[in-house]
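The structure under discussion appears below in the form of structure tokens.
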Amino acid sequence: MCQDCGCSAGSGRKIVEVQESVLASNTSKARANREILKQHGILGMNLMSSPGSGKTLLLEKTIARLRDRLSVGVIEGDLETERDAERIRSTGVPVYQIVTGQTCHLDAFMLHDALHRFPLDTLDLLFVENVGNLVCPATYELGTHLNVVLLSTTEGDDKPAKYPVAFKNADLMILSKMDLLPQTDFDAARAIRDARIIRPSLEVIRLSARSDEGLSEWLDYIDGAVQRLRG
Amino acid sequence: MHEFSIVQSLMNTIEEHAARQDAQTVTRVVLRVGPLAGVVPHLLKTAFDTFKDRTVAEIAELVIEMSPLELNCRDCLQTSATDTVRFKCPECGSLNVEACEGDALMLERLEMEVPDGPA
């Protein structure tokens with residue numbers, strides 16, 4: 001372009017066919033994360049849900065039940081505070097808190113940075129508790145092996161239909177707070193049907209971290225995944 | 001609302017391609033977005049207009065082409081495209097469908113001004 005008047009004399013117009021995903025750099029960083037997990041023989045699980053669906057309580061219960069046979073670590077993502085990390089830290093397992101500030105999701109770059117600060121050598125299983133948000137985290141692949149989405153009975157059974165993106169890459173949906181089911185109008189069959197339209201291979205576990213309903217099924221799911229990873 | 005993060009990585013990609021072509025100015029950015037991409041087109045535009053200031057894309061127009069949601073129907077076995085996120089077969093009305101396409105978030109092409117090469 002002409003520096004004097006901005007006309008296009010002395011230059012030509014060019015059309016470049018790019019055909020590249022806008023998230024390509026995140027995808028390649030996610031691949032690097034997957035490689036780090038693989039080198040250390042660690043199963044990575046990405047937990048996603050709305051705020052308040054019970055991710056942290058589920059992790060506390062899970063760690064208590066698994067710690068005798070698996071070495072567990074947790075990376076926490078939150079907009080503010082270290083509260084979740086403190087809850088997990090009191091269980092005695094290694095934890096790292098990512099404070100995202102105003103960012104509504106974790107991305108592969110944030111996880112990559114956290115992995116470099118984490119004691120990976122002794123781990124079998126790494127949970128990533130994503131920022132509580134049923135919209136944004138789903139767009140960002142992290143490089144973990146499994147995506148787990150929690151949907152609590154108190155949120156309502158319409159969430160898979162309303163927030164389809166959250167379920168499109170989910171491997172497992174945990175219907176949480178099942179102990180509160182009688183107090184709600186939650187129709188589990190409807191939630192499952194809607195979620196499987198978006199993700200036909202979706203597995204489902206009905207669970208209450210308070211009453212322990214479904215907890216052993218969840219632990220079996222984790223054990224199975226660890227075994228598959230070890231081949 | 002993660003459109004700002006998305007536009008940030010879009011800007012990096014635009015800068016890379018412009019540098020590769022030795023272009024000083026990008027005039028048009030064409031994105032293809034599916035209904036399951038998890039982004040809101042008008043928020044993307046707002047974010048783009050905020051970020052493009054003082055970059056190679058300062059005068060660029062962002063064009064968003066929506067691509068349809070494609071559904072496989074397990075009852076009538078048709079594949080159909082629909083513009084809305086409605087998981088219902090447009091052919092037979094069945095809810096027994098599976099989404100096979102719809103999460104595109106692609107930088108399709110860039111138009112830029114490049115210096116004339118040697119004659």
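Looking only at residues of segment B:99-118 that are within 28 Å of residue A:170 (Cβ to Cβ) and more than 7 Å from every other protein chain (Cβ to nearest Cβ), we find that the one that is surrounded by the most Cβ atoms within 10 Å (Cβ to Cβ) is B:102.
Tell me the residue from A:123, A:142 that is more than 11 Å from chain B (Cβ to nearest Cβ) and over 18 Å from residue A:78 (Cβ atoms), please. Checking each option against the conditions leaves just A:123. Taking the conditions (1) over 26 Å from residue A:68 (Cα atoms); (2) surrounded by fewer than 16 Cβ atoms within 10 Å (Cβ to Cβ) in turn, residue A:198 satisfies each one other than (2). Among the candidates B:107, B:71, the residue that is touching a residue at least 24 places away in the same chain (Cβ under 8 Å) and farther than 29 Å from residue A:196 by Cα is uniquely B:107. Of all residues in segment A:73-88, those being under 20 Å from residue A:112 (Cβ atoms) and surrounded by 20 or more Cβ atoms within 10 Å (Cβ to Cβ) number 7.
With respect to residue A:120, determine if the residue is part of a loop (DSSP other than H, G, I, E, B) and buried (at least 17 other Cβ atoms within 10 Å of the Cβ).
For residue A:120, the condition - part of a loop (DSSP other than H, G, I, E, B) and buried (at least 17 other Cβ atoms within 10 Å of the Cβ) - is met.
Against the test of being of a type in the set (Val, Ile, Thr) and at pLDDT 95 or above, the options A:122, A:100, A:153, A:139 yield a single qualifying residue, A:153.
Looking at A:194, A:157, can you tell me which residue is within 25 Å of residue B:34 (Cα to Cα), over 19 Å from the mean Cα position of the chain (by Cα), outside any helix (DSSP H, G or I) and not hydrophobic (A, V, I, L, M, F, W, C)? Every option except A:157 fails the conditions.
With respect to the conditions (1) within 17 Å of residue A:118 (Cα to Cα); (2) crowded, with 21+ Cβ neighbours inside 10 Å, residue A:55 lacks only one, and its number is (1).
Output the residue which, of all residues in segment B:1-36 that are of a type in the set (Gly, Ala, Ser), facing chain A (nearest Cβ under 9 Å) and under 22 Å from residue A:165 (Cβ atoms), is farthest from the chain's Cα centre (by Cα). My answer is B:5. Taken over segment A:189-213, the criterion of being of a type in the set (S, T, N, Q) and more than 14 Å from chain B (Cβ to nearest Cβ) is satisfied by A:208, A:211.
The values are calculated or read from the model by the stated rules, or taken from the named source; none is laboratory data. Computed from a predicted structure; not experimentally measured. Note that each Cβ is placed from the backbone with ideal geometry, even for glycine, and that neighbours are counted across all protein chains shown.
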